[in-house]
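Engineer: Structure provided below as structure tokens; questions to follow.
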Amino acid sequence: MNVPYRIPVAKPLLDEREADAARRVILSGWVTQGPEVAAFEREFAAFVGAPYACAVSNCTTALHLALKAIGVGLDDEVITVSHSFIATANAVRYCGAIPVFVDIEADGYNIDPALVEAAITRRTKAILCVHQLGMPCDLARVVEIGRRHGIPVVEDAACASGSEILWDGRWEKIGAPHGDIACFSFHPRKVVTTGDGGMLTTRNPDHDARFRLWRQHGMSVPDTVRHGSAQVIYEAYPELGYNYRMTDVQAAIGRVQLQRLPEIVAARREIARGYALRLQGIAGVLVPHEPDWARSNWQSYCIRLVGADQRKVMQALLDRGISTRRGIMNAHLEGAYLNRDCSVPGSSLERSEAAQCNSIILPLSVQMSDAELDYVAETLGDVLGRRAAA
Ligand SMILES: *Cc1c(COP(=O)(O)O)cnc(C)c1O
């Protein structure tokens, strides 16, 4: 069997509803941060159960503002993982601070809470944990360590819109938030998209007020207020800010995507179950583990290969019409980090490095059919020379 087309590794779910939303905003005459952004923020806050949500241009800028809000500055240290998209570590450096990398857990791709405490120094200003590939990290333990040491926790929830965690006996959405601030991405590679876009959620009104100031050049009176005012108003710029705005066109698309999110997550969870069933019999393939206190949105489905060459397997799959990606990168192995010391003395990042070399991300989109799932699983078995047990 072969497919006459290529199965993409990911595909956003967008149609006439998003197109209509964008059209409505374009014809309204107000296209940048305005009423649609405000509505998207309200709806997102309600969805994740957060008191405050602030929309920004992407998750990288969200992470920058989150770290800045909790006071991360020059030569401070932020404990995080190297095993993440490079934006996680880069945001720490935008603050002039040093990312301090700890290794991931043995059976997943998230920070190992057991290694966090040994990385704490007098200069530690924050713990930046990642819900990698949509799988919640062990927040209960990370937050407990942070509380005990008086260190704020920022959640890189870029991939985790719609993921859930069991918290004090109740299922809650990632972003409530359980740490101090959570940051989301709406890049097309995530489960819902606005083209590019980001969101910060918090329970702290002071943080939220700062995000709103900083995303708009530190401007004291936003243009939306001046536009609607019967009085002449002069704005002031009391402190350094940025242009990290989301546009109303993006927000209108995001509002439609948010309505679809529950069905998208349900469909992705069904496909992940389908993969687990189909792959479990293939020797040399380890399927991802979901702890019983986590419900992933399965932003990506990342398997481990045991005793097979990652690149050869990926090429053989591509030759047969299946796009894959290698596992998550490690920032510390990239040129931008090579000459910097981001390590914890006496520790290694061997699990992070192994995961980059032996894991691959399989195609997962809501549009995938059962026949395509069968095809991916069968082809993977063929390529590995190991048939699934019937
Ligand atoms: C995608 C991603 C980011 C960056 O998100 P952008 O919206 O593209 O800036 C940050 N962290 C993680 C873990 C990501 O996967």
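Only the coordinates and a few stated rules stand behind these numbers; no lab work does. Owing to the predicted nature of the structure, the values given are computational and were not obtained by experimental measurement. We place every Cβ from the backbone using ideal geometry, glycine too, and count neighbours over all the protein chains shown.
Engineer: For Lys11, go through the lysines and keep the ones whose alpha-carbon is under 23 Å away, minus same-chain ones fewer than eight residues off.
Structural biologist: Output for Lys11: Lys190.
Engineer: Shape of the chain from its Cα gyration tensor (a ≥ b ≥ c, root eigenvalues): rounded if a/c is under 1.5, otherwise prolate when a/b > b/c, or oblate?
Structural biologist: Oblate is the answer for the chain, as a/c is 1.5 or above yet b/c matches or exceeds a/b.
Engineer: Based on the Cβ-Cβ distance of His289 and Glu235, what FRET efficiency does E = 1/(1 + (r/R0)^6) give at R0 = 45 Å, to the nearest 0.05?
Structural biologist: With R0 = 45 Å, the Cβ-Cβ based efficiency is 0.30.
Engineer: Would you tally the net charge around Arg269, using a Cβ to Cβ cut-off of less than 12 Å, leaving Arg269 out, and scoring K and R as +1, D and E as -1?
Structural biologist: Net charge around Arg269: -1.
Engineer: How would the range 262-384 be classified by its alpha-carbon gyration tensor: rounded, prolate or oblate, with rounded meaning a/c under 1.5 and the a/b versus b/c comparison settling the rest?
Structural biologist: prolate
Engineer: Continuing with the same structure: If packing is taken as the average number of other Cβ atoms within 10 Å across a peptide's residues, how do 233-243, 322-332 rank, most packed first?
Structural biologist: Values: 233-243: 11.5, 322-332: 20.2.
The peptides rank, most packed first, as 322-332, 233-243.
Engineer: Run down the aspartates and glutamates and flag those whose C-alpha is under 18 Å from the C-alpha of Lys68, throwing out any fewer than 8 positions away in its chain.
Structural biologist: Asp76, Glu77, Glu155, Asp156, Asp180, Asp206, Asp208, Glu239
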